[in-house]
Amino acid sequence: MSTPSRRILSLRDPTSKMSKSSPDTQSRILLTDTAVQIKAKIRSAVTDSIAGITYDPVARPGTSNLLTILAACTDTKVDSVAERYEGKGHGHLKADVADAVEERLKGPRAEFEKIRHEVAYLDEIARNGAQKAREQSEVTIQAVREILGLRR
């Protein structure tokens, strides 16, 4: 997904980047997450207790992160998204973010699931990749042998 946002932040710690290497599985959304899992992760995302929804990444990083995610999923400017949620609560925002993320991931997830079960296709890709790796490494090995004086 291409987004004007430089990065999407963790759902649990909105001061750090969302990362698949984080030990907290609730901090990130994966392509393989189900709609139920996405809703649960977004619903438990860290926000604040300030009334209303405003975009302020410094004072309100959690709320701003959700607005950024929604903007990215709907191809909308984050300021426009924030304006739509003036006077609304975090529950409403989180529900809409979860729906938008699920909608955005439907197509890629379906393609992933389709490809994942095509064993012959995946085997062919693996064979082709292994062949390319052998060809490229052979050039390097020959150069090293020549430098070391170990010609065959």
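The table that follows gives values for the structure above.
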{"read-out": "Accessible surface of the chain [probe 1.4 Å, protein heavy atoms]: carbon and sulfur percent", "value": "56"}
{"read-out": "Estimated dipole of the chain in Debye, rounded to 20 [Cβ of Lys and Arg +1, of Asp and Glu -1, Cα centre]", "value": "480"}
{"read-out": "Gain upon complete extension [Glu138, Leu150; 0.36 nm per residue less C-alpha separation]", "value": "2.9 nm"}
{"read-out": "Computed lengthening from Ala110 to Thr32, 0.36 nm per intervening residue step minus Cα-Cα distance", "value": "27.1 nm"}
{"read-out": "Distance between the range 24-61 and the range 93-152 - C-alpha centres, whole angstrom", "value": "30"}
{"read-out": "Hull volume in cubic angstrom per residue (convex hull over the Cα atoms of the chain)", "value": "165"}
{"read-out": "Residue-averaged [θ]222 nm for the chain, counting only DSSP H segments that reach four residues, each worth -39500 (n - 2.57)", "value": "-19500 deg cm²/dmol"}
{"read-out": "Selected from Val81, Val46, Val36 as most flexible by GNM, with the chain as the system and alpha-carbon contacts under 10 Å", "value": "Val36"}
{"read-out": "With DNA, RNA and ligands ignored, accessible area of Glu83 (1.4 Å probe; Å², nearest 10)", "value": "120"}
{"read-out": "Of Arg60, Arg134, Arg84, the one that fluctuates the most in a GNM where the chain has Cα springs shorter than 10 Å", "value": "Arg134"}
{"read-out": "Accessible area per residue in Å² at 1.4 Å probe, computed on the chain", "value": "66"}
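The values are calculated or read from the model by the stated rules, or taken from the named source; none is laboratory data. These figures come from a predicted structure and were not determined experimentally. Every residue, glycine among them, receives a Cβ derived from its backbone with ideal geometry; neighbour counts consider all protein chains shown. Surface accessibility is based on the protein's heavy atoms, side chains included, excluding ligands, DNA and RNA. Shrake-Rupley method; radii C 1.70, N 1.55, O 1.52, S 1.80 Å.
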